[in-house]
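Accompanying notes for the structure given below.
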Amino acid sequence: MVANRFITNEMMDTGLEKSPTSLRRQLLDSVTNPKLKKRIDQLYRPNAKIGTGSTADAIRHERRTGELLSSKGHTQKGIEMRNALRKDLQSGRLNDADSVVARKILEDLEDALSDK
């Protein structure tokens with residue numbers, strides 16, 4: 001299992017569980033903005049077998065192993081969602097708590113998409 005140091009460790013510090021389904025549910029329950037809820041729904045899969053079920057963990061897995069987890073892989077989705085989260089954060093429409101969650105998810109995507 002790939003550790004998601006931006007989400008899992010941060011959320012674990014606040015008592016959130018790390019199983020893909022419970023983390024996804026807790027992230028969804030922790031935000032109020034409908035667009036951000038939709039993005040979380042798209043970025044975290046319930047019952048995932050890789051890491052936290054996040055697109056970021058899927059990207060890391062695909063880059064590390066060369067095995068695509070979907071027909072097109074997850075990199076393009078990660079880029080599109082990174083851009084969408086940046087736009088959400090710049091819009092000023094997220095409350096403070098939602099902004100914190102969006103920033104953590106964005107940091108995780110940026111880390112996965114970097115050439116580390």
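Results, tabulated for the structure shown:
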item: Qualifying residue in the stretch 13-23 (condition: part of a loop (DSSP other than H, G, I, E, B), among the polar types (S, T, N, Q) and either within 13 Å of the chain's Cα centre (by Cα) or at pLDDT below 95 (or both)); result: yes
item: The stretch 72-102, residues that are of a type in the set (D, E, K, R) and over 16 Å from D41 (Cα atoms); result: K72, R86, K87, R93, D96
item: Test: residue in the stretch 31-40 that is modelled with pLDDT of 85 or more, among the β-branched types (V, I, T), more than 17 Å from A112 (Cβ to Cβ) and in contact with a Lys or Arg (Cβ under 7 Å, 6 or more places away or on another chain); result: yes
item: Residues of the stretch 78-94 satisfying the condition of being surrounded by fewer than 17 Cβ atoms within 10 Å (Cβ to Cβ) and either in contact (Cβ under 8 Å) with a residue 12 or more places away in the chain or over 15 Å from K38 (Cα atoms) (or both); result: I79, R86, L89, Q90, S91, G92, R93
item: When residues of the stretch 55-77 are limited to those that are over 13 Å from the mean Cα position of the chain (by Cα) and in a loop (DSSP other than H, G, I, E, B), the one surrounded by the most Cβ atoms within 10 Å (Cβ to Cβ); result: L69
item: Some residue of the stretch 95-112 being of a type outside the set (A, V, I, L, M, F, W, C) and over 24 Å from Q26 (Cα atoms); result: no
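The values are calculated or read from the model by the stated rules, or taken from the named source; none is laboratory data. A quick note: this is a predicted structure, and the numbers were derived from the prediction, not measured. Methodologically, a virtual Cβ is constructed for each residue, glycine included, from the backbone with ideal geometry; neighbour enumeration extends over all protein chains shown.
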